[in-house]
Amino acid sequence: MVRYITFKSIHDGVGAQVQDIFSILVFAKHYNLTYIYAPFKKIDHNMGNDSKWVFKWNQFFSLNKLGSAQTKLSFLRKLLTKKVVLSEQEIENFDINKYPENVIFICLNCHAFTEKKASFGDFVPIINEFRKCYGVSKYLKDAPSFSKSEINVAVHIRRGDALKFPERILPNSYFVKILDKEIKKLGQKKYKVFIFSEGSEDDFDEFKKFKNLVFKLDASPFSSFNYLVKSDILIISKSSFSFVAGILNKNRVVYAPFWHKPVSPRWTICDVI
């Protein structure tokens, strides 16, 4: 029996929406549902009023390579016997036997499953699929200016719109403590620290004690994201933007606990706040 599932794009940042799709794919894989690709339609934080903002992010992530991308959603809907918008409770207590064949489930996300029931084993195949998609497209992915002779440490410090939500903010002192620990582990190895955030360098005076420090403030989000993905050590914020970069990063990820749980046992869960 074939049952389908797709994503309903809403107003939110690109990180949050990619994470929504990730959760739907994990759910689909677990319950043997066929995922039907649906592009982003609206993406927040378009500070420059770029008319191609949504197009660029669709090309950048290349998620049209996921699932049954060749099937047109509009055409498929005409063939299906039933359309079901799943609630959070229905996702958490999902019983596939309640639904007929040729149904299509429409979801904003499946975090009720990924945060409460999914195992690391559920995440692995979807992480691999996401990495393949990201690697396929070279669109807006200029190579980071990393040196092969150094350990490249990327730090994402969420500021900007998050200042309205204190629970999402980690202080500079948190990141300094994490960097102190990570750099100590490197011993005599050379390193370079890249700070990705918004504001001015004066907002980050605490970091100026580190050698080989590079500020990437108010930089292109496409370039910044690719730096995070390609870094040797990635220190993430309570942010879907850097969380998704962590999913794609194949190296060391240092995770700050928040409402989205880690997707890999290889992630280092920080012990300082």
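The values are calculated or read from the model by the stated rules, or taken from the named source; none is laboratory data. What you see is a predicted model; the values in this text were computed from it and never measured. Neighbour counts run over all protein chains shown; Cβ positions are idealised from the backbone, glycine included.
Brief remarks follow.
- Restricting segment 1-34 to residues that are part of a strand (DSSP E or B) and crowded, with 22+ Cβ neighbours inside 10 Å, the residue that is nearest to the chain's Cα centre (by Cα): Phe7
- Considering segment 102-221, the qualifying helices (runs of 4 or more DSSP H), each wholly inside and each with 3 or more residues that are in contact with a strand residue (DSSP E or B) (Cβ under 8 Å, 6 or more places away or on another chain), surrounded by 12 or more Cβ atoms within 10 Å (Cβ to Cβ) and not aromatic (Phe, Trp, Tyr), run over 172-186.
- Count of segment 134-185 residues which are under 24 Å from Phe22 (Cβ atoms), polar (S, T, N, Q) and modelled with pLDDT of 95 or more: 0
- If you go through segment 44-67 and keep only what is surrounded by fewer than 20 Cβ atoms within 10 Å (Cβ to Cβ), part of a loop (DSSP other than H, G, I, E, B) and of a type outside the set (Gly, Ala, Ser), you end up with Asp44, His45, Asn46, Met47, Asn49, Asp50, Lys52.
- Members of segment 107-121 that are more than 14 Å from Tyr31 (Cβ to Cβ) and not small (Gly, Ala, Ser): Leu108, Asn109, His111, Glu115, Lys116, Phe120
- Taking the numbered list (1) out of contact with any helix residue (DSSP H, G or I) (no Cβ under 6 Å at 6 or more places or on another chain); (2) at positive phi in turn, Leu140 passes all entries but (1).
- Residue in segment 70-85 that is within 19 Å of Phe7 (Cβ to Cβ), modelled with pLDDT of 90 or more and not assigned by TED's automatic domain parsing to the domain that holds Val263 present: yes
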